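Following: one structure in structure tokens, then a few remarks.
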Amino acid sequence: MAALRARLVNPIVWRVPGHAARKLFSFSLAEHGSMLDLASAAHLAPDPERRALYLRHMLDEQRHARMFAMRSADLRLRDGRQSLGFPVADNEDLFERLGELRFLAFVHRGEKRGRQQFEAYRDWFQGRGDRKSASLFTAIIRDETRHEQYTHDLLVELAGSPARARAEIRAASLWEKWRIWRRLGRVIAEQAYFLAMSVIYLISGPFFRLAVRPRAAGWINHGAAPDAAHVPPPSREWSAA
Amino acid sequence: MSAVLGISAYYHDSAAALIVDGEVIAAVQEERLSRRKNDPGMPQRAAEACLRQAGLEAQDLDRIVFYENPFGRLERVVLSSLRAFPRSWRHFPAALQSQIGSKIWVLDGIAGALGVPRGKITTVGHHESHAASAFFPSPFEEAAILTVDGMGEDESTAIWHGADTDLRCLASIPYPHSIGLLYAAITAFLGFEVNEGEYKVMGLAAFGKPSFQNEFRTLLQLQADGAFELNTQYFAFHTDINIAFSPRLERLLGPPRRRGKAWDLTGDETDQRYADIAASLQWITEEALLGLAREARRRTGSPNLCLAGGVALNCVANARLLRESGFSRIFVQPAAGDAGGALGAAMLGAIELDRERPARMTSAALGVPICNDAARALCGSLGLHWRYPGDILDEAADLVLRGKIGAFVRGRFEWGPRALGQRSIIASPADPGMRDRINQVVKKREPFRPFAPAVLSDRASDWFAEHDNDMTPFMTTTARVVERQAGDIGAVRHVDGTARVQTVTAQASSDFCGLLERMERNGAPPIVLNTSLNGAGEPIIGDEADALGFFMSHPVDFMVLGDILLEKGANPS
């Protein structure tokens, strides 16, 4: 499904001027968000073997975030725009919130979806002769495939059976849908809020503008130091103006 | 006696600090644990780490103190937006959303996150927290205090007087007249991230000449009594939440620099112009701070000055203040920015409960320690080879002297943005080429960025002048390199002949001190190049997992991790 969607939107996503760099930066942000969650997992997992697995995965995500950000910056600088900088994603604390098993199922789904999308993007760039972008996706797909595999194997091991692992993946899928629903709600609420605040601003702003005086510069005095009476008056020689 | 937790959050660099029975038990920035650079979120991990360090539960706390008054800030945001009507039409909804959506509920958020009754949580003023964080950990019985920040609730700058447990505000300058916001806007103009790139601007300034003094006098008008006025027509922080400067600034200073473009200060005239702008900004900042400091001296008559607020992290300006402001001694604690507000808030709470001033700060190692057992187990799982040398510090010193670049990870991590020998990259300070190697290959950052030297405190005068003060233990000032010794430390001498020196004593960091002693015993100066242990865009390393991740993903030659030594020759890079 993810691959099909990616193939369908490819021509739109990558052809709109300036959009490719933003899209790559959004991948960078997603990888950085994933890196933050895996860093948490590497800190909190009780078993050193699993800490090591999460740590290696975290390093891959960190590298991917940097690769996407650098490619995005290349494209933007080439177009005379400034780079979007380093990605700083929000921390969702998924390891703590979901527990290790559900977290693994969630990561496994994400890796699978990411690999499918990236394969579609790689094919698109290969078809257009953009070897730099195609090789970026090729390198990352290799890691995503490995992540997809190990998260599945570990999930089965921790869940106790393939059937229980599948149940966890289904539960993670449901949780993801719930998250999408909540995010959608938040976006709508933000827009409604923005609109409401803008109306309030336009109505009340002119009146407040009349009532609220501009701030004067200079010192606002609050008091004197206990024994400051002996100190000399200000000297004019300090002024650089 | 009492247990008081201070919290700063929801702007940038959130942090928690814990004081138990008058002693600072722990102080931790959230970014070290969340791995999100400049993390502004609720510092739950940091708070829990502080409590773990003390062996306490949140329920054991007598008080939690938040570092500013959320409603005071809300009032300022609303009023400043309305003053800028109608230019602030984009700013108003976005700023209010951020305030009403989360920030004004912060006290309930803290209660919920830590599971403590809401009644235990109080607030103090933003600048009061800064002032407390500057004065109470200082070595002074009484002092003038300057808090110079981007903004607080309603002030950007304030003069205080501190004596024993008493802290009194004498005067303040209201928002939007702010040196911090000027510095932030020009940081953005030069193509750096605001709240992150300011120290890059400071490093860049040394490569330029202050040839834009007239332009900067237009931006910031300095007055005879130390006050100043920001010409807000050139800025947009009060009208737009995403843009710091207005088109008028571009007309004054020329086009802004594109973020992400590689720097070339060897032949590119345009980049040289940006360096001159940075130098001019540094010049006006120093002039403004000198005016403020002299006014603080006039109002208090004190020979001592404490500084806090983001602007106090400008170590070049701090050195000039010590030389020219008339104060005999100046103290700047290592987390002088917003993170430090957590420490100040905790101290104010502790003083209110105990009526006693907390102990002075002698070491910045207030964070979470390395767990040696966990480090060894993780190395084993990662397939990394490690060993226990007989004298690990001696081996590390030997590797540094052989030109190797190492990571030094021992004990509890530092409080504040500086690596002070607990989470440091170390290398020989002798070869100037080492600076380029670390900048380009390890840290992947701008070529003009300087590195700091760490030197044994009692040997510092052989290499540095003006180092004997209260700031060098925390790397919050610079010192001149003694010219005849400059050849010994070419990698850490900045282009202007100074260095952001850290003087090391056994009391502040026994391991780091031991390393430097062994350097000297092996016939070298007791100095190492010391820079923060992090990659580009990453927070400084926190625990053993972060450290091993760094070792595996960056081209350092060796790592001292607690009591074990890892070398790249024995491990894949």
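The values are calculated or read from the model by the stated rules, or taken from the named source; none is laboratory data. Quick caveat: nothing in here was measured; it's all calculated off a predicted structure. For neighbour counting, all protein chains shown are included, and Cβ atoms are generated from backbone atoms with ideal geometry for every residue, glycine included. The area values use the complete protein model at the heavy-atom level, side chains included, leaving out ligands, DNA and RNA. Shrake-Rupley method; radii C 1.70, N 1.55, O 1.52, S 1.80 Å.
Work from the charge dipole of chain B (Cβ charges, +1 for Lys and Arg, -1 for Asp and Glu, about the Cα centre) and give the residue of B:Ile330, B:Ala430, B:Ala397 farthest towards its positive end.
The residue sitting farthest along the positive end of the dipole is B:Ala430.
Work out the mean other chain Cβ neighbour count within 10 Å for the residues of A:92-101 and drop it here as an integer.
Numbers: counts 0, 4, 0, 0, 2, 0, 0, 0, 0, 0.
Counting other chains' Cβ atoms within 10 Å and averaging over A:92-101 gives 1.
What accessible area per residue, rounded to a whole number of Å², is obtained for chain B using a probe radius of 1.4 Å? Before the final figure, lay out the partial values.
Details: 18190 Å² over 573 residues.
Spelled out: the 1.4 Å probe surface of chain B, per residue, equals 32 Å².
Using only Cα atoms, what is the ratio of the radius of gyration of chain B to 2.2 N^0.38 Å? Present the calculation step by step, with values, prior to reporting the outcome.
Values: Rg = 22.9 Å, N = 573, 2.2 N^0.38 = 24.6 Å.
So the Cα radius of gyration is 0.93 times the expected 2.2 N^0.38 Å.
Among B:Leu515, B:Ala15, B:Gln233, flag the residue with its Cα farthest along the positive direction of the charge dipole of chain B, charges on Cβ as +1 for Lys/Arg and -1 for Asp/Glu.
B:Gln233
Taking every DSSP beta bridge that has both residues in region B:1-142, what percent is antiparallel when rounded to the nearest 5? Intermediate results must be reported in sequence, preceding the final value.
Values: 12 of 19 bridges.
Antiparallel: roughly 65 percent of the beta bridges in region B:1-142.
Give the accessible area for B:Leu353 in Å² (nearest 10); use a 1.4 Å probe, count only protein heavy atoms, and leave out ligands, DNA and RNA.
70
Please calculate the 1.4 Å probe accessible area of A:Tyr150, with all protein chains present, and give it to the nearest 10 Å².
Accessible area of A:Tyr150: about 40 Å².
Calculate what fraction, in whole %, of the accessible area of the protein assembly as shown sits on carbon and sulfur atoms when a 1.4 Å probe is rolled over the protein chains. The partial results should precede the final answer.
Working: 16450 of 31460 Å².
Roughly 52 percent of what the probe reaches on the protein assembly as shown is carbon or sulfur.
Towards the positive end of the charge dipole of region A:2-195, with charges on Cβ (+1 Lys, Arg; -1 Asp, Glu), say which of A:His147, A:Ala120, A:Ser173 has the farthest Cα.
Value: A:Ala120.
Beta carbons within 10 angstrom, averaged per residue: use that to sort the peptides A:171-181, B:535-545, highest first. Walk me through the numbers before you get to the answer.
Details: A:171-181: 13.2, B:535-545: 22.4.
The densest-packed peptide leads the list: B:535-545, A:171-181.
Using +1 on the beta carbon of Lys and Arg, -1 on that of Asp and Glu, and nothing else charged, what's the dipole of chain B about the Cα centre, debye to 20?
On the way: 58 positive and 70 negative charges, 264 e Å.
Charge dipole, chain B, about its Cα centre: 1280 debye, nearest 20.
Once you average over the residues of A:48-56, how many Cβ atoms of partner chains fall within 10 Å of each Cβ? Don't jump to the answer; show the numbers that get you there.
Numbers: counts 11, 5, 1, 8, 10, 2, 1, 8, 5.
So the per-residue partner count for this stretch is 6.
Counting Lys and Arg as +1 and Asp and Glu as -1, each charge on the Cβ, what is the dipole of region A:2-195 about the Cα centre in debye, to the nearest 20? Numbers along the way, then the final one.
On the way: 34 positive and 25 negative charges, 175 e Å.
Result for region A:2-195 is approximately 840 debye, rounded to the nearest 20.
Can you list the HN-Hα couplings for region B:553-566, worked out from phi with the Karplus curve (6.51, -1.76, 1.60; θ = phi - 60°), rounded to whole Hz and with x for Gly and Pro?
Taking θ as phi minus 60°, the curve returns 10, 10, x, 8, 7, 8, 9, 8, 10, x, 9, 10, 10, 10 Hz for region B:553-566.
Less than 12 Å apart at the alpha-carbon level, and either on another chain or at least 8 residues along: which aspartates and glutamates does that give for B:Lys209?
Straight-distance partners of B:Lys209: B:Asp276, B:Asp496.
Please list, in chain and number order, the residues 5+ apart from B:Asn530 or on another chain whose amide H is under 5 Å from its amide H, with Hs placed from the backbone.
Amide H neighbours of B:Asn530: B:Ala452, B:Ala454.
About its Cα centre, how strong a charge dipole does region B:129-249 have in debye, to the nearest 20, once Lys and Arg get +1 and Asp and Glu get -1 at the Cβ?
Details: 5 positive and 15 negative charges, 126 e Å.
Around 600 debye, computed over region B:129-249.
At a probe of 1.4 Å, how much accessible area disappears from chains B and A on forming the pair, both sides counted, to the nearest 100 Å²?
Numbers: alone 21160 and 16410 Å², together 31460 Å².
It comes to approximately 6100 Å² buried between B and A.
Order the peptides B:170-183, B:314-327 from the highest to the lowest mean number of other Cβ atoms within 10 Å of their residues.
Details: B:170-183: 23.9, B:314-327: 21.4.
Output ranking for B:170-183, B:314-327: B:170-183, B:314-327.
Mind scanning A:Lys132/B:Lys568; A:Lys132/B:Lys444; B:Lys37/B:Lys103 and naming the pairs with a C-alpha gap bigger than 24 Å? Please list the in-between numbers first.
On the way: A:Lys132/B:Lys568 31 Å; A:Lys132/B:Lys444 21 Å; B:Lys37/B:Lys103 20 Å.
Violating the 24 Å limit, Cα to Cα: A:Lys132/B:Lys568.
Bins of 10 Å, beginning at zero and ending with the bin holding the largest distance: percent of Cα pairs per bin for the protein assembly as shown, please.
It works out to 2, 13, 22, 27, 22, 11, 3, 0, 0, in whole percents.
As a test of understanding, state the convex hull volume per residue of region B:88-237 from its alpha carbons, in Å³.
Details: hull volume 25.6 nm³, N = 150.
In region B:88-237, the Cα convex hull volume per residue is 171 Å³.
Once phi is turned into ³J(HN,Hα) by the Karplus curve 6.51 cos²θ - 1.76 cosθ + 1.60 with θ = phi - 60°, what whole-Hz value does each residue of region B:187-200 show in order, with x for glycine and proline?
Those phi angles translate into 4, 5, 4, 7, x, 10, 6, 5, 6, 9, x, 4, 6, 5 Hz.
Could you tell me whether region A:112-157 comes out rounded, prolate or oblate from its Cα gyration tensor? Rule is a ≥ b ≥ c as square roots of the eigenvalues, rounded for a/c under 1.5, then prolate if a/b exceeds b/c, otherwise oblate.
On the way: a/c = 5.77, a/b = 2.95, b/c = 1.96.
Prolate, because a/c is 1.5 or more and a/b exceeds b/c.
Across 5 Å bins from the origin, how do the percents of Cα pairs in chain A run, short distances first?
1, 5, 9, 13, 13, 11, 9, 7, 6, 5, 5, 5, 4, 3, 2, 1, 0
Under the definition of partner shielding as Cβ atoms of other protein chains within 10 Å of a residue Cβ, what is the mean value for peptide B:295-304? Kindly include the intermediate steps, with their values, before the conclusion.
On the way: counts 3, 1, 2, 7, 8, 6, 7, 4, 0, 0.
Neighbouring Cβ atoms belonging to other protein chains average 4 per residue here.
So what does B:Thr123 come to for accessible area, using a 1.4 Å probe and Å² rounded to 10?
Ignoring ligands and nucleic acids, B:Thr123 comes out at about 50 Å².
Averaging over every viewing direction, what projected area does the convex hull of the Cα atoms of region B:152-279 cover, in nm²?
9.5
Order A:123-130, B:328-335 from most to least packed using the mean count of other Cβ atoms within 10 Å. Numbers along the way, then the final one.
Numbers: A:123-130: 14.2, B:328-335: 24.4.
Going by the mean number of other Cβ atoms within 10 Å, highest first, we get B:328-335, A:123-130.
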